[in-house]
Each structure stands twice: as C-alpha cells, then as structure tokens.
C-alpha cells in the first residue's frame, strides 16, 4: 500500500518504527536520514503498511511524526530536486481526537 497523500485528513501521521541504511544514494540525499514509519489514523491506530520517509526533524524510533508526500516531500530537504515520495516534517507531541466530530 502506498502512503496516503492529500486525503480528507488534515495532517498525515505516522510512527517511526526503525531506520533504513542505504550505502548508496543519489547525491542530493547524501546525509539525509531515512526512517521506516507506519501510517496512523487520528486515534494513533496503524492505518497501512510501513514505508520509508526522509527525516528533516531528527525524529527517532517511537516518535509520532507528521509527514508529507508527493512533490512537496522533496521541498523539506536540503536539495529540492531529489526522488523521494515522503518526508517527515514535524514531531507530534499530542493528538486529541474527539468522538463524533466530522472529518
């Protein structure tokens, strides 16, 4: 399953579950940390298959993060023209999802 992008959810959430080591990368990704994340819904329940995301926030295992996908994912990185599908752009401190709210 591909990461969800541009859905009715206002913020895409994921939990960092590991790191990815790549000994060879395109030059624009040199020094960029790769993390394995699992997408979450607004109640922090796993909502899809794990995927790799570039980290621009110094996130670590167990952190809940905000990520973006598509072309905008590259804009969060030092070099903007690189082949990436997802980037972590924030570390989430807390999520409050209220019952009955329309999404």
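Every read-out reported here was derived from the displayed coordinates using simple, explicitly stated rules and does not represent laboratory data. This structure is a prediction, so every number in the text was calculated from the model and none was measured. Positions of Cβ are backbone-derived with ideal geometry, glycine not excepted, and every protein chain shown enters the neighbour counts.
Observations on the model:
- Note: relative contact order over segment 12-83, using C-alpha pairs below 8 Å and six or more positions apart, is 38 percent.
- The chain: most fluctuating residue of 53, 30, 86 per GNM, C-alpha cutoff 10 Å: 30
- Distant alpha-carbon pairs in the chain (separation over 19 angstrom), percent: 40
- Cβ-to-Cβ counts within 10 Å put 65, 32, 79 in ascending order as 79, 32, 65, the fewest first.
- Among 20, 52, 84, residue whose mean-square fluctuation peaks in a GNM of the chain (springs only between Cα atoms under 10 Å): 20
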